[in-house]
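Since every read-out is calculated from the coordinates, none of them should be taken as a lab result. Just so it is clear, the model here is predicted, and its values are computed rather than measured. Ideal geometry is used to build each Cβ from the backbone, glycine not excepted, and the neighbour counts take in all protein chains shown.
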Amino acid sequence: MSASDKLSAGMDKAKGKAKEALGKVTGDDEKVAEGKADQVKGDLKNAAENAKDAAKDVFDR
């Protein structure tokens, strides 16, 4: 996983946590949902990068 991909996934998760917290404080359910979606997006990016790394390891042998 490249550093920029790792950073991008981490930023999505952090942005999502901030949105979710803001939504909870303000009572904005839509913002809470957006935050959770951003966190899932970050998790999916991590999973995709981990899969690419695993495939690369298999084919580099």
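Summary table
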{"item": "Angle in degrees between helix 29-59 and the longest Cα principal axis of the chain, rounded to the nearest 10", "result": "0"}
{"item": "Proximal charge balance of Asp38 [Cβ under 14 Å; K/R count +1, D/E count -1]", "result": "+3"}
{"item": "Angle in degrees between helix 3-26 and the longest Cα principal axis of the chain, rounded to the nearest 10", "result": "20"}
{"item": "More than 19 Å apart - percent of Cα-Cα pairs taken over the chain", "result": "41"}
{"item": "The chain: most fluctuating residue of Asp38, Asp28, Asp12 per GNM, C-alpha cutoff 10 Å", "result": "Asp28"}
{"item": "Candidate lysines for bridging to Lys31, where Cα separation is under 29 Å - those fewer than 8 sequence places away on the same chain excluded", "result": "Lys6, Lys13, Lys15, Lys17, Lys19, Lys41, Lys45"}
